[in-house]
1. What is the angle, in °, between the Cα long axis of helix 38-68 and the longest principal axis of the Cα atoms in the chain? Nearest 10 is fine, range 0 to 90.
2. If you find the alpha carbon centre of the stretch 1-26 and of the stretch 36-69, how far apart are they in angstrom?
3. Kindly provide the helix-only [θ] at 222 nm of the chain, computed as the sum of -39,500 (n - 2.57) over DSSP H runs of four or more divided by all residues, to the nearest 500 deg cm²/dmol?
4. Please state the Cα pair-distance histogram of the chain with 5 angstrom bins from zero: what percent is in each bin?
5. Among the lysines in the stretch 19-68, how many pairs, 8 or more places apart or on different chains, have alpha carbons under 20 Å apart?
6. How much length would be gained if the chain were fully extended between Ala57 and Lys38, taking 0.36 nm per residue of separation minus their Cα-Cα distance, in nm to one decimal?
Amino acid sequence: MRSQPVYTAIPDTSDLNYWEVNVTNEADQTRTFVPKDKELHHRLKVEQRKEIDARLARNKQLDRHRYKE
C-alpha cells in the first residue's frame with residue numbers, strides 16, 4: 001500500500017497524484033490541469049495567498065522606513 005503525499009504547497013503540474021490532465025482539444029492537444037482534490041487545492045491557495053500578502057506587507061513596511069530617512 002502506497003501512502004499519499006502530504007502537500008504543504010501547490011505542486012508542479014508534473015505531479016499526477018495531485019493533478020488530473022484533461023485534453024480539451026484533440027486537434028492541437030490543448031491540456032488543462034485540474035486538481036483531483038478541490039478542497040485541498042482551495043486550502044493550499046488560501047494559505048499561499050496569506051503568505052504572499054504577509055510578505056507584501058513586510059516589504060511595504062520596509063520601503064516606508066527606507067524612504068523616511
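The numbers here are math on the coordinates, done by the rules we state, and not lab data. As the structure is a prediction and not an experimental result, all values here were calculated from the model.
1. So the inclination is approximately 20 degrees.
2. 24 Å
3. Working: 1 runs with 31 residues, N = 69.
Rounded to the nearest 500, it is -16500 deg cm²/dmol.
4. Calculated over all Cα pairs of the chain, the distribution is 3, 14, 15, 15, 13, 10, 10, 7, 6, 4, 2, 1, 0 percent.
5. Details: Lys36/Lys45; Lys38/Lys50; Lys50/Lys60; Lys60/Lys68.
Going through the stretch 19-68 pair by pair, I get 4.
6. On the way: separation 19, 0.36 × 19 = 6.84 nm, distance 2.84 nm.
Taking Ala57 through Lys38 to full extension adds about 4.0 nm, to one decimal.
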